[in-house]
Amino acid sequence: MSDSAISAPRRRRVSAAGQAGIALVLAWVALAVFGPYLAPYRAGDVVNVGVFAPMSAAHPFGTDYLGRDMLSRILYGARYTVGVAMVATVLACMGGIGLGILSAVRRGWTDSVLGRAADALISIPHLMFALVVVAAFGTSLPVLILMAAISYVPGSYRFARALALDINAMDFIEVARARGERSAYVVWAEILPNMIVPLLTDFGLRFVFVVLLLSGLSFLGLGIQPPNADWGALVRENITGIYEAAPAVLVPAVAIAVLTISVTLLIDGFSGRARTTVR
Amino acid sequence: MALVEVSGLHVTATGESGEPSDIVRDIGFSIDRGEVLALIGESGSGKTTIALTLLGYARRGCRIAGGSVRIGAEEVTAMSPAELSELRGRRVAYVAQSAAAAFNPSLRLMDQVTEGVRMRGLMPRTAAEAKARDLFRALALPDPDRIGSRYPHQVSGGQLQRLMAAMALMTDPELVIFDEPTTALDVTTQVEVLRAFREAVRERHTTAVYVSHDLAVVAQIADRIIVLRDGTMREVGPTPQILSEPADAYTRSLLDAAAPKPQHPLEKAPATAAPLLEVRGLTAGYGPMDRQGRMATPVLLDVGLEIRAGSALGVIGESGSGKSTLARVIAGLLPAAAGTLTLDGVPLAPSLESRGLEELRRIQIVFQAADTALNPSHSIERILSRPLAFYHRLSRGEQRRRVRRLLDLVKLPMALLDRRPGELSGGQKQRVNLARALAAEPALVLCDEVTSSLDTVVGAAILELLAELRRELGLALMFISHDLATVRAVCDEVMILYAGQVMERGPGRAVMQAPQHPYADLLAASMPELRPGWLDGIDAVRLAEARGEAARPSQSDRCAFVARCPVRSGACESEAPPIRRFANGSTVRCHRTEQELLAQQSVRSDDAVVVPLRRLNH
Amino acid sequence: MLMLGMIARRVLGGLLTLLLVSVVVFVGTNILPGDATEAILGQSVSPEAVAGLRKALGLDLPAHERYLRWLAGLLTGDPGVSLINRLPVAQLIGPRFANSLLLTALTAAVAVPLALLIGITTAIWRGTLYDRVANVTAVSLVAVPEFLLATVGVMVFAVQLHWVSALAKPSIGSFTEALQNFTLPVLTLCFAVTAQMARMTRAALLGVLDSSYIEMARLKGVRPARLVLHHALRNAAGPIANAVALNLSSLLGGVIIVEVIFSYPGLAKLAVDAVETRDMPLVQACAMIFCATFMLLVLVADVCSILSNPRLRTR
């Protein structure tokens, strides 16, 4: 037999960056779930070092405009920033992926109608859409979650649809159809397994957008309402701290940035930017 | 002194892990002025890499790690970027494999052809354009005065290839490198382009390097041949010697693969037995139909064929002939607009959805691109188990056993079972494709260009496997290809498609001998033979008449081949040609009679297709 | 000509989508029971007064009629009357729209040349330290929330150093005054937009630089400068213009936060105020203007793509 020798199996190595990234995601999730239990003070407790206190050993992030411990406020707020955004992103992606695959496989009328609807929604800048919804429906938690989910469904839809179309055009799909397989099998067993990795990266990016949207909304005072606060609301209520260079106003904003940047870098690393040598 | 002197050449590539690996090593050769040297090898042999080092170039991720490349009196590997810019396109010119990808889509052709001389200030624009037009004429390009003002997408592949040669010759280079320039072209276009190249090179006494995997093509144009494998040189020698007395085993396997021997004919099934598959009047295409039944985009027109159990039908056609669509229509992937399909006497529903499980099982299709025909996220075991579960409802244990038997059948090792397709070689993937088709235990397997994207040696092994499987399992085959030699090696009956219509159909020998349909004649004449001097011997006049692109299928009342036919008559323009039966058993769609065609076509015995020169010398 | 046909189809499609958007906006703001009369008159008012006001405002008409009225109003430049201060919406929006345009135009004037420069140079010198640092920075900047940048900027430059003012006024009387007023808002907006634009420019140019015909040109001996300027940019211009237009459209999101932080009297701040006071006609009008501008930019991006395809220019 003149075939070349069997190639060695490529062991799936998760790179160091990938491992760091996964650890990071788990840490954020843990923070969201266990935050309140880790907080040294309850969210509403006023401590007696005064308002806008600087960082110290007892209060690593200082105190806020009412004299409450910022570290605790941040830990309590993690639930809202991370948790709410996570729920909204999951909803957006589930909707987008389902509709995207449906569009790609069915084509025809379904595809045209869904495509137009997606175009219409995408044409409304996300924050503006949020403003309109809040003006109409108020700022309760379900409204915020649904609004963020609906606003980001079209993006997920387009992405999933493009992926599914690409895969659908491959020969192995035609082979399955020629065999007589039903659409349900083709989607579940042949198309989806090839979509998982790109969909995960899209999920990560969408999560970042949702965090930025919701915290931006809270910053405008139109998101999570007092006494609850996510990190964006924390920036808003402590905004006068700017004039006193208090950590209370910076720390929540930095926290958001750390969350979004770490997830974005993780995604970017995973998308495998080819390392190129200089020519 | 030789013009080109290469010694100890060593090129490495840096993979993702950062480890350098060898691409070519220990390469040394020389080329005299006016000589044509061929670099022969399969994919991965390093032939293009070596050719590019003559320009001092290595692709991204690769570098010239050692050795010397001397052109004239200068050492290329020691040149600065500025010196290299002077060398490239001026003293050494490159003609790439894919002309469509080598031209900037946003610039006019004349600008790109004359760029080399204009940007170096060698000639003023008017003089450069005049010279370019002369080159266009010399290379037999149509409309040489105006073709330069077009954009690349307005011109055909064969024309682009010649324009690339003109671009290369503009600066009167000392050395021209041809990198598989005819691989992507149809066989009938290839001949024209090959002749044009050879004339141009001979007239100017240019030194040339010709890179290819096709020994027959190389035999026509090269003075000396270097055989490469896995980045090392296996054999060097003058062309006649390599072809007739190859010293290296690998060279011998290349020669064997290049000229597949026709298989022993099988015992023919009794003629009274009903055919397994019968197709009558098949018409298919895309797009809506108007009231007269004309399709927007017809692909197949009035196709008829028969395949008996255990026999093999070869379907030959060039791009646009509709051969792949034929397989899809038979498989049910594309419903026919008209005509009937019958399997074992029972009519087959035109589309998949209306066919029963048994009908689907008995006809299996294997595609050309092995890469995309296997789901990259499934293991080989999973891929092979599915048809077993789907068609035969086997239990898990039975599936495992059967999968292992299938791997044995296609001669693949068990270790591949838990690998993914991405870890297999091209030949292995195609074998898995075959195994998957066999898992259904079909009566008929449709092979759509299954060896076309494989190396010749690997492809030859697949052909052997197919022949063996036919014998062992009594399979019927429909083998689609554009390669006449391959089809003849595997099939009993041959069918020739042009513009969606069957031009000739009959036993293999009969179709390849005069009298034949003029297109069949043209095809046979265009297939390069493995002896030097074939290209010289071709009837240039006849080929020039048949120049042109393949006609597109159309539902009009004329012969589809009329634009290129050397024996066309008045009737051919206005009436659809009748179907004639010839004495040698073939059916031909032509206005001309058997006697007229016989008189016009040269008598060519089919032994001439395969004549190893060593036999001639004894 | 094929190309004009494609562009015409695209424009028509855009108009249809804009229509759909107007439906969404209208339905969204009118879906809840209870209308503006309550907001204007308060709760304890006689039913006759409520009915009278309702008739005057046209709120007693069925939904689709109200929609058509509103749509007609939009097209003729009269999108209703503000519920809070009873002034015509058009009058309120006019100057604020101009202010927002000024801010975005200034931002674009800074962001676009900077992004092109960074994008093109990182593509040419790909793989170098400069490229890698630029990439990581760009990726991070896209993820940074605007109010962080703004907050830090105000804290450092306005409060501590007193170089610029913490509030922005839309006056550009003198150059120093313009610098004082606009530096921080423009910089804040610039960061994210420039980063993303540079990344997309780099990707577009790399896509061209990696193509076979560029390799062929290199093998013809074409020097790097001519390679980029004469061969590559020609083909990358379309995708780059596309990237620029798309990213400018994302400015419309960021400008909302920036105007609020710096109390800049622009359209976005007006919209946010309107949301807080539930001034529906104002919210509707602002939303439509934002969406229309957004879609216009996306349309320009698409048209650039179509125009740059040589296969469509000549047949």
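The values are calculated or read from the model by the stated rules, or taken from the named source; none is laboratory data. Being a predicted model, the structure only gives us computed values, none of them experimental. Quick reminder, even Gly has a Cβ in these numbers, built from the backbone with ideal geometry, and neighbours come from all protein chains shown.
Quick notes on this one:
- Against the test of being outside any helix (DSSP H, G or I) and closer than 23 Å to A:Leu146 by Cβ, the options A:Ile256, A:Ile224 yield a single qualifying residue, A:Ile224.
- Residue in region A:246-262 that is touching a Pro at 6+ places or on another chain (Cβ under 8 Å), at pLDDT below 85 and more than 8 Å from every other protein chain (Cβ to nearest Cβ) present: yes
- The listed residue being away from chain C (no Cβ under 11 Å) and either touching a Pro at 6+ places or on another chain (Cβ under 8 Å) or of a type outside the set (Phe, Trp, Tyr) (or both), out of B:Glu115, B:Glu83, B:Glu74: B:Glu74
- Considering residues of region C:141-168 that are polar (S, T, N, Q) and at pLDDT below 80 only, the residue nearest to C:Met197 (Cα to Cα): C:Ser165
- Residue within region A:167-183 that is free of Cβ contacts under 8 Å to residues at least 12 places away in the same chain and over 23 Å from B:Tyr391 (Cα atoms) present: yes
- The residues listed here are B:Ala200, B:Ala208, B:Ala257; of these, the one that is part of a helix (DSSP H, G or I), within 23 Å of B:Asp134 (Cβ to Cβ) and touching a residue at least 60 places away in the same chain (Cβ under 8 Å) is B:Ala200.
- Any hit, region A:79-88, residues being crowded, with 16+ Cβ neighbours inside 10 Å, aromatic (Phe, Trp, Tyr), at pLDDT 85 or above and out of contact with any strand residue (DSSP E or B) (no Cβ under 7 Å at 6 or more places or on another chain): yes
- Every pair of residues 6+ apart whose Cβ atoms lie under 8 Å, when the first sits in region A:233-261 and is under 21 Å from A:Ala85 (Cα atoms) while the second is crowded, with 23+ Cβ neighbours inside 10 Å and among the acidic types (Asp, Glu): A:Leu234/A:Asp64; A:Glu237/A:Asp64
- The set of residues from region B:421-451 being more than 22 Å from B:Leu388 (Cα to Cα) and among the small types (Gly, Ala, Ser) comprises B:Gly422, B:Ser425, B:Gly426, B:Gly427.
- Meets criteria (in contact with a helix residue (DSSP H, G or I) (Cβ under 8 Å, 6 or more places away or on another chain), more than 30 Å from B:Leu255 (Cα to Cα) and among the aromatic types (Phe, Trp, Tyr)) for B:Tyr94: no
- Residue among A:Ala53, A:Ala57, A:Ala88 that alone is farther than 20 Å from A:Asn238 by Cα and assigned to a loop (DSSP other than H, G, I, E, B): A:Ala57
- Positions within region B:26-46 being of a type outside the set (Gly, Ala, Ser) and modelled with pLDDT of 90 or more, in sequence order: B:Asp26, B:Ile27, B:Phe29, B:Ile31, B:Asp32, B:Arg33, B:Glu35, B:Val36, B:Leu37, B:Leu39, B:Ile40
- Residue check, C:Val144 buried (at least 18 other Cβ atoms within 10 Å of the Cβ), more than 13 Å from every other protein chain (Cβ to nearest Cβ), more than 30 Å from B:Gly116 (Cα to Cα) and touching a residue at least 12 places away in the same chain (Cβ under 8 Å): no
- Wholly enclosed helices (runs of 4 or more DSSP H) of region B:500-600 bearing at least 1 residues among the hydroxyl-bearing types (Ser, Thr, Tyr) and under 20 Å from B:Gly317 (Cα atoms): B:518-526
- Each residue in region B:358-408 was checked for being assigned to a helix (DSSP H, G or I), touching a Lys or Arg at 6+ places or on another chain (Cβ under 7 Å) and not aromatic (Phe, Trp, Tyr), and 8 of them qualify.
- Strands (runs of 3 or more DSSP E) wholly inside region B:282-344 that include at least 3 residues being more than 20 Å from B:Gln364 (Cα to Cα) and of a type outside the set (Lys, Arg): B:295-307
- C:Ile7 vs. criteria at pLDDT 75 or above, more than 12 Å from chain A (Cβ to nearest Cβ) and surrounded by 12 or more Cβ atoms within 10 Å (Cβ to Cβ): yes
- Residues that are surrounded by fewer than 18 Cβ atoms within 10 Å (Cβ to Cβ) number at least 2 in the following strands (runs of 3 or more DSSP E) confined to region B:1-83: B:4-14, B:20-31, B:62-71.
Here is a yes/no grid of residues against (1) buried (at least 23 other Cβ atoms within 10 Å of the Cβ); (2) under 24 Å from the mean Cα position of the chain (by Cα); (3) within 10 Å of chain A (Cβ to nearest Cβ); (4) at pLDDT below 90:
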{"site": "C:Val139", "(1), (2), (3), (4)": "no, yes, yes, yes"}
{"site": "C:Gly173", "(1), (2), (3), (4)": "no, no, no, yes"}
{"site": "C:Leu187", "(1), (2), (3), (4)": "no, yes, no, yes"}
{"site": "C:Val193", "(1), (2), (3), (4)": "yes, yes, no, no"}
{"site": "C:Arg202", "(1), (2), (3), (4)": "yes, yes, no, no"}
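- Put simply, of C:Arg278, C:Arg226 the only residue that is at pLDDT below 85, over 16 Å from the mean Cα position of the chain (by Cα) and farther than 20 Å from A:Ala120 by Cβ is C:Arg278.
- Residues of region B:213-254 that are assigned to a strand (DSSP E or B), touching a Ser or Thr at 6+ places or on another chain (Cβ under 7 Å) and either of a type in the set (S, T, N, Q) or modelled with pLDDT under 90 (or both): none at all.
- The number of residues in region B:411-439 being crowded, with 20+ Cβ neighbours inside 10 Å and either of a type in the set (Val, Ile, Thr) or not in a helix (DSSP H, G or I) (or both) comes to 3.
- Check on A:Ser156, more than 14 Å from chain B (Cβ to nearest Cβ), farther than 15 Å from A:Gly100 by Cβ and out of contact with any strand residue (DSSP E or B) (no Cβ under 7 Å at 6 or more places or on another chain): no
- Pick from region A:111-131, criterion over 15 Å from C:Cys291 (Cα atoms) and modelled with pLDDT of 90 or more, ranking: farthest from the other protein chains (Cβ to nearest Cβ): A:Asp111
- Within region B:266-298, tally of residues that are surrounded by fewer than 18 Cβ atoms within 10 Å (Cβ to Cβ) and at pLDDT 80 or above: 7
- One residue alone among A:Val105, A:Val134 is within 10 Å of chain C (Cβ to nearest Cβ) and of a type in the set (Val, Ile, Thr), and that residue is A:Val134.
- In region A:25-54, residue surrounded by the fewest Cβ atoms within 10 Å (Cβ to Cβ) [restricted to those that are touching a helix residue (DSSP H, G or I) at 6+ places or on another chain (Cβ under 6 Å), among the aliphatic types (A, V, I, L, M) and modelled with pLDDT under 80]: A:Leu38
- The residues listed here are B:Thr182, B:Thr188; of these, the one that is in contact with a helix residue (DSSP H, G or I) (Cβ under 7 Å, 6 or more places away or on another chain), buried (at least 22 other Cβ atoms within 10 Å of the Cβ) and assigned to a loop (DSSP other than H, G, I, E, B) is B:Thr182.
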